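The values are calculated or read from the model by the stated rules, or taken from the named source; none is laboratory data. Model, not experiment: these values are computed from the prediction. No Cβ is skipped: glycine too gets one built from the backbone with ideal geometry, and neighbour counts run over all protein chains shown.
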Amino acid sequence: MVVDEAAVTMERITSLAKRRGFVYGSSEIYGGVSGFWDYGPLGVELRDNIRRAWWRAIVHLRDDVVGLDTSLIMPPSVWAASGHLENFNDPLVECGSCRHRYRADDLAPGASCPHCGGSLSAPRQFNTMFSTHVGPVADDASVAYLRPETAQGTFVNFKNVMQTTSRKIPFGIAQVGKSFRNEITTGNFIFRVREFEQMELEYFVKPGTDGQWFEHWLAERMRWWTEDIGIRPENLSVRAHEPSELSHYSKQTSDIEYAFPFGTKELEGIADRTDFDLKAHMAGSGQDLSYFDDLEGERYVPFVIEPAAGLTRAFLTVLIDAYGEEQTGPKPSDRRTVLRLKPSLAPFKVAVFPLLANRPPLVEQAREIYRTLKPYFTVAWDDIGNVGKRYRRQDEIGTPWAVTVDYQSLEDGTVTVRDRDSMQQERHSIADLTQLFLSRLGPV
């Protein structure tokens with residue numbers, strides 16, 4: 001078997017995503033809209049499995065983190081206090097000939113227009129927040145903003161969470177949800193979009209301990225990507241931000257980066273936000289957001305360490321990292337596309353086939369196995385075409401195991417179980433299948 005590592009291109013990833021129902025262009029029948037995407041039947045399963053893996057690692061397996069879900073729309077006063085109205089900008093340049101617009105930091109210094117070769121304007125700052133109106137009258141008094149990040153919803157609820165959970169510092173508040181950014185340019189499929197989901201943790205610590213907690217979370221997030229999600233370590237790297245790159249709230253930031261087909265780019269950021277946000281909202285709201293440490297007998301405003309990852313970008317990374325094409329035989333047709341997804345992330349854990357779809361005893365036995373497994377796993381039923389073609393379809397969507405019911409199954413109660421990655425086949429008792437797959441899958 002020959003593995004073609006060069007096969008991973010954005011064109012092939014995009015084609016697979018559309019062909020197999022992972023991602024569709026939003027409102028395609030009307031021509032679509034740039035920067036917005038819809039998730040198909042397999043896409044929602046993969047996305048939700050990644051979300052659950054993050055929530056399990058960050059919240060369920062820790063004693064020092066709780067969850068939160070805040071509103072998409074917040075008043076302008078929140079964004080004024082946080083600095084977003086003033087600082088949430090990207091540098092924009094415009095072509096004087098074709099009027100195409102680009103982020104200046106996506107282009108080389110002195111570059112011409114990528115579309116027509118025309119001259120570009122000097123950069124100007126463009127605020128990327130989406131504005132809307134709340135109430136029946138669209139005037140200045142009704143202006144509100146769709147959140148560009150989930151973090152501010154966490155900060156304005158810090159006092160509520162403290163009072164209702166009696167948490168002690170250090171502790172964290174985790175949130176997963178939609179965010180919106182009016183990106184100047186979108187591209188590379190779902191890498192840069194205008195509507196996306198974020199997985200953010202705000203971890204509150206005592207001032208002076210932030211450095212050690214920053215290192216803790218950087219190491220923990222690298223562990224999650226490689227062990228829990230199965231991203232190959234050689235495709236990941238860490239890059240510390242230069243002082244000139246730091247956001248207005250950041251003391252230090254490091255990006256976990258991934259080697260995408262279009263270049264090495266940010267996958268997740270870990271930032272030391274200091275006490276900037278809580279102090280900003282104390283000043284803006286007039287509320288006391290400090291913390292009293294009754295053991296030490298001191299009051300302070302906590303510092304915040306923020307690991308922030310995009311669920312949408314994580315989805316793309318998982319697809320790319322798992323994608324492979326392999327030559328399994330001498331003929332050109334002996335080639336398969338396979339998604340080597342970690343089994344816990346796969347949209348379907350098991351596929352069940354009758355060897356022949358027109359033999360009622362085989363179909364009846366396969367249906368019974370399908371019904372038995374379905375309460376425990378997401379299970380695919382496939383009886384279209386020959387078994388070889390069914391294997392190829394399931395390989396392409398990442399299903400780890402396939403069960404085939406044949407005539408021997410009717411005689412001795414065993415079935416063929418095929419492994420996606422090795423393509424090896426073993427016979428197992430029908431009665432043992434549930435426990436077999438539970439043991440292989442592990443905790444999810």
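Filter region 1-39 for residues that are modelled with pLDDT of 90 or more and within 29 Å of Arg223 (Cα to Cα) and give the result.
Thr9, Met10, Arg12, Ile13, Thr14, Leu16, Ala17, Phe22, Val23, Tyr39
Answer with yes or no whether Ala111 is among the small types (Gly, Ala, Ser), surrounded by fewer than 19 Cβ atoms within 10 Å (Cβ to Cβ), in contact with a strand residue (DSSP E or B) (Cβ under 9 Å, 6 or more places away or on another chain) and not assigned by TED's automatic domain parsing to the domain that holds Phe214.
Judged against the criteria, Ala111 is a match.
Any chance region 274-290 includes a residue that's outside any strand (DSSP E or B), buried (at least 21 other Cβ atoms within 10 Å of the Cβ) and among the basic types (Lys, Arg)?
So far as region 274-290 goes, no, none of its residues is outside any strand (DSSP E or B), buried (at least 21 other Cβ atoms within 10 Å of the Cβ) and among the basic types (Lys, Arg).
Would you be able to tell me the number of residues in region 66-87 that are surrounded by 14 or more Cβ atoms within 10 Å (Cβ to Cβ) and in contact with a His (Cβ under 8 Å, 6 or more places away or on another chain)?
Matching residues across region 66-87 total 4.
Among the residues of region 170-185, write down those that are of a type outside the set (D, E, K, R) and either within 30 Å of Lys18 (Cβ to Cβ) or modelled with pLDDT under 95 (or both).
Those that are of a type outside the set (D, E, K, R) and either within 30 Å of Lys18 (Cβ to Cβ) or modelled with pLDDT under 95 (or both): Val176, Gly177, Ser179, Phe180, Asn182, Ile184, Thr185.
Restricting to region 380-413, give me the number of residues that are assigned to a helix (DSSP H, G or I), among the β-branched types (Val, Ile, Thr) and surrounded by 20 or more Cβ atoms within 10 Å (Cβ to Cβ).
Residues flagged as assigned to a helix (DSSP H, G or I), among the β-branched types (Val, Ile, Thr) and surrounded by 20 or more Cβ atoms within 10 Å (Cβ to Cβ) within region 380-413 amount to 1.
(1) at pLDDT 90 or above; (2) assigned by TED's automatic domain parsing to the domain that holds Asp63: which one isn't true of Asn188, the others all being true?
Among (1) at pLDDT 90 or above; (2) assigned by TED's automatic domain parsing to the domain that holds Asp63, Asn188 violates only (1).
Return the residues of region 302-311 that are more than 18 Å from Gly153 (Cβ to Cβ) and surrounded by fewer than 24 Cβ atoms within 10 Å (Cβ to Cβ); say none if nothing qualifies.
none
Tell me which of these Asp90 doesn't satisfy, since it passes every other one: (1) in the same structural domain as Pro170 (by TED's automatic domain parsing); (2) touching a strand residue (DSSP E or B) at 6+ places or on another chain (Cβ under 7 Å); (3) acidic (Asp, Glu); (4) not in a loop (DSSP other than H, G, I, E, B).
(1)
Going through region 49-65 one residue at a time, which ones are surrounded by 15 or more Cβ atoms within 10 Å (Cβ to Cβ) and either out of contact with any helix residue (DSSP H, G or I) (no Cβ under 6 Å at 6 or more places or on another chain) or in a helix (DSSP H, G or I) (or both)?
Correct list: Asn49, Ile50, Arg51, Arg52, Ala53, Trp54, Trp55, Arg56, Ala57, Ile58, Val59, Arg62.
Can you spot a residue in region 414-430 that is part of a strand (DSSP E or B), surrounded by 20 or more Cβ atoms within 10 Å (Cβ to Cβ) and of a type outside the set (Lys, Arg)?
Within region 414-430, one or more residues are part of a strand (DSSP E or B), surrounded by 20 or more Cβ atoms within 10 Å (Cβ to Cβ) and of a type outside the set (Lys, Arg).
Which members of region 386-444 meet the condition of being touching a strand residue (DSSP E or B) at 6+ places or on another chain (Cβ under 7 Å) and of a type in the set (Gly, Ala, Ser)?
Gly398, Ala402, Ser409, Gly413, Ser429
With Arg147, Arg103, Arg124 as the choices, which residue is buried (at least 17 other Cβ atoms within 10 Å of the Cβ), at pLDDT below 90, under 30 Å from Ala81 (Cβ atoms) and not aromatic (Phe, Trp, Tyr)?
Just a single option satisfies the conditions, and that option is Arg103.
Could you grab me the full set of residues in region 296-337 that are in a loop (DSSP other than H, G, I, E, B) and without any contact (Cβ under 8 Å) to a residue 12 or more places away in the chain?
Listed by number, the residues that qualify are Glu296, Gly297, Gly329, Pro330, Lys331, Pro332, Ser333, Asp334.
Scanning for something acidic (Asp, Glu) and either modelled with pLDDT under 95 or part of a loop (DSSP other than H, G, I, E, B) (or both), does region 354-373 turn up at least one residue?
There is no residue in region 354-373 that is acidic (Asp, Glu) and either modelled with pLDDT under 95 or part of a loop (DSSP other than H, G, I, E, B) (or both).
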